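The values are calculated or read from the model by the stated rules, or taken from the named source; none is laboratory data. The structure presented is a predicted model; accordingly, all values stated were derived computationally and were not measured. All Cβ positions, glycine included, derive from the backbone under ideal geometry; neighbour counts span all protein chains shown.
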Amino acid sequence: MIIVPEKEIGALLGRKESYEAIEQVFAAMASGNAYNFPVVREAIGHADALYGFKGGFDQAGMTLGLKAGGYWPNNLETHGLINHQSTVFLFDPDTGRVKAVVGGNLLTALRTAAASSVSINYLARKDAKVIGMVGAGHQAKFQLRAALEQRNFEKVIGWNLHPEMLPNLEEVAAEAGLPFEAVELSGMTEADVIITITSSFAPTLMSDHVSDGTHIACMGTDTIGKQEVGVDLIARASVFADEIAQSITLGECQHAIANGSKAEADIRQVGEVINSTHQGRTSDDEVTLFDGTGVGLQDLAVASAVVDLAVEQGIAIKVDF
Ligand code: NAD
């Protein structure tokens, strides 16, 4: 068995490798070669923690396993640890023997940023110049760094419920040599691409905050009850998801499905666009929206890439098991 500790991940896996792993696994999902297992998520009644499992099997990449982890809200204050904690376990699909244990915290941020990046690459207008961020927390910095590599963006604009967090976005824009402007939600009409990455339980970005031709990546809603955008925006947009089953139950589309303003049949997998079995964007006026709910196969894909790199570079810890 191979162990790749959390502290090694940053030096091993970059945005390029993460992007490639996620593009491949979304393609495999859409062609029926990979599927996710039902998600388990439980309030365990201890330390206010939410704990669960996301797993799957990718027959194309021969990746089998799960990510175990969740949210411990008191970690930072009580233990000096980050509140989100996860670990990926990979198994040999031929024998069922455990193959690897990989730290999952940084991997989660990298694979989530890669997912919106894939959606921007395949669905945003080629001439997109302004990127708008709704959200400025931990994930937002990863999201923005990855997104900026997908188009020749000239400006970053941002809105956040807690304006004191906006310097997080300004810092990433500055790294890329781009100007940053804090805007009201109404100012998001300037954006050609918008990423929403908040932990909101009520819609903030509404249809009249979005211009025709915009691509929106909704990345924050990964749980029943969360919501970042208005159902009017979902109804107006051509919607693509990582996985339709998650999109309609725990993703951004859950509310539009519940009130009947979007039909499940109108949501497509982004992997279909990657595989060229769906044309994706059809005009420069169309609003496209990616519902990135976060699937277990994404975690397995990046963990598998990390294991290969750790072995290649002699960093993998090998244990007889
Ligand atoms: P964080 O705590 O670092 O940041 C939270 C962000 O949400 C901040 O910008 C904050 O200002 C904003 N926010 C909080 N309450 C809000 C409200 N009521 N209305 C609007 N904005 C509000 O969290 P993070 O680690 O950046 O995660 C952000 C979200 O992304 C979470 O909901 C998390 O569960 C989700 N997430 C999704 C995936 C995925 O694969 N889709 C992966 C990881 C995290």
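When the residues of the stretch 3-13 are filtered to those that are in contact with a helix residue (DSSP H, G or I) (Cβ under 8 Å, 6 or more places away or on another chain) and surrounded by fewer than 20 Cβ atoms within 10 Å (Cβ to Cβ), the one that is farthest from Ala100 (Cα to Cα) is Gly10.
A search for C-beta distances below 6 Å between a residue of the stretch 155-183 that is within 15 Å of the ligand (Cβ to nearest atom) and any residue that is among the basic types (Lys, Arg), counting only pairs 6+ apart in sequence or on different chains, returns Asn168/Lys141; Val172/Lys141; Val172/Arg145.
The set of residues from the stretch 109-123 being over 8 Å from the mean Cα position of the chain (by Cα) and of a type in the set (Val, Ile, Thr) comprises Val118, Ile120. Examine the stretch 296-305 for a residue that is outside any helix (DSSP H, G or I) and more than 14 Å from the ligand (Cβ to nearest atom), and state whether such a residue exists. Scanning the stretch 296-305 turns up no residue that is outside any helix (DSSP H, G or I) and more than 14 Å from the ligand (Cβ to nearest atom). Of the residues examined, Phe26 is one that is under 19 Å from Asp222 (Cβ atoms), surrounded by 20 or more Cβ atoms within 10 Å (Cβ to Cβ) and among the aromatic types (Phe, Trp, Tyr). Among the residues of the stretch 184-199, the ones that are under 19 Å from Arg151 (Cβ atoms) and within 13 Å of the ligand (Cβ to nearest atom) come to 3 in all. Residue count for the stretch 200-228 under the criterion of being within 14 Å of the ligand (Cβ to nearest atom), part of a loop (DSSP other than H, G, I, E, B) and modelled with pLDDT of 95 or more: the result is 7. Within the set Gln59, Gln85, the sole residue that is free of Cβ contacts under 8 Å to residues at least 60 places away in the same chain and loosely packed, with under 15 Cβ neighbours inside 10 Å turns out to be Gln59.
In the set (1) over 18 Å from the mean Cα position of the chain (by Cα); (2) within 12 Å of the ligand (Cβ to nearest atom); (3) part of a helix (DSSP H, G or I), the condition left unmet by Pro73 is number (3).
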